[in-house]
Structures are given as structure tokens and as C-alpha cells.
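Presented below is the structure to which this report refers.
The values are calculated or read from the model by the stated rules, or taken from the named source; none is laboratory data. Treat the numbers as computed from the prediction; the structure is a model and nothing was measured. We place every Cβ from the backbone using ideal geometry, glycine too, and count neighbours over all the protein chains shown. When the accessible area is computed, the model is the full protein with side chains, heavy atoms only, and any ligands, DNA or RNA have been set aside. Shrake-Rupley method; radii C 1.70, N 1.55, O 1.52, S 1.80 Å.
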Amino acid sequence: QYSHLFLETQMTTQKPIQDELLIARPPDEYERTFMGPDEHVLVRDKMSIHPAFHVFMAAAIITGLVGVIAASGSLIAPIAVLLFGLLVWSSAATLRTTVSAENLHIQSGVLGPTVPVESIESAKAIKYSFMKYGGWGIRYSVFDNSWCYNMIGDGGHAVEVLYRKNGKLKKLLVASKA
């Protein structure tokens, strides 16, 4: 809700509105780790997957490990399966969107872009179909060369961001609960 307001106001007025939206709580661990020390957060949004997903992922990783250990007899393949499973698990478990006066930070698990606010040309709230991107998580659409960061349970709500990177117009969608 606030991210839509911030980005739409920023794009139409070209003036920062941090005084109106600054949230008083101190930075959390994510912000201390991934954001600059002088970046003041204007908007925070965090979506987490349903707890049953964790049970499913743990079972899938254990099943994969048992199968690979039984088939290969080596430790290299099971370690690769474990690392891949943990990467998928972490990238699907939490989606964070954080907006500061300087940057839009998107992080799905340990992956995601940082987009300078000054490079954003437009941002708008949209409804989308997860089918366009082939599911949930971090997805790429070959139809319009866009990236989507979404989660099960977002209801098809997202913010579509158009921005410039190295002179080229890029598009990304970020799921939102609002």
C-alpha cells in the first residue's frame, strides 16, 4: 500500500516524500546487512510462505539426498543436491521489498536486485497471472523480458516497475499483499 503510494508519488512529483512515510522503528537485521548505513527506510514489506511449505521442502530435500546417496555412493552429488535444495528453499520462503529515498531493494531469499530510485521511470499497482511467469518465486518472462518476484498467496497483486539500466528499459514485478 505505502510502496505504491511512495513510488507513484515519487514518479509524478519528483520530490522525496520521506517525511510523510518514515516509519519510526529501528532497522532490522536485513536492513543492517543489505542496505547502506545512511539509507533510511520509507516502506517495508515482507511476505513469508505458509509454514506447511517448510515441511514439504525439508521432505523433498531429505528424499533427494537419500536417493542420490543410494545411487551414487559419493558425497559430491549429495552435497550438490543439498546446496541446490537450500537455495530453492531460501529463495521461495521470504520476499522482502524495502524502499528508501535512494533505492528499491527486492530480495527473495538471498537473491534479488537493488534498483536506484532515480532510475525508475514508472511504478504502478497491477493484477497479474502467475501463469505468465510459469509459477512462483523468481521468474523470467520470455514474452516481455521481465522479471517477477512473487509468492504463493499474493492474490495476483504486484507493483510493476519500469526502470533504466545501462540505458535500456527494464521491467520487473514485485508481489504485494495489498
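Structural remarks
- Residue count for the stretch 57-90, restricted to those that are among the small types (Gly, Ala, Ser), under 20 Å from residue 111 (Cα atoms) and in contact with a Leu (Cβ under 9 Å, 6 or more places away or on another chain): 2.
- Residues in the stretch 20-66 that are of a type in the set (Asp, Glu) and open to solvent by 40 Å² or more (accessible area, probe 1.4 Å) were compared, and the one that is modelled with the lowest pLDDT is 20.
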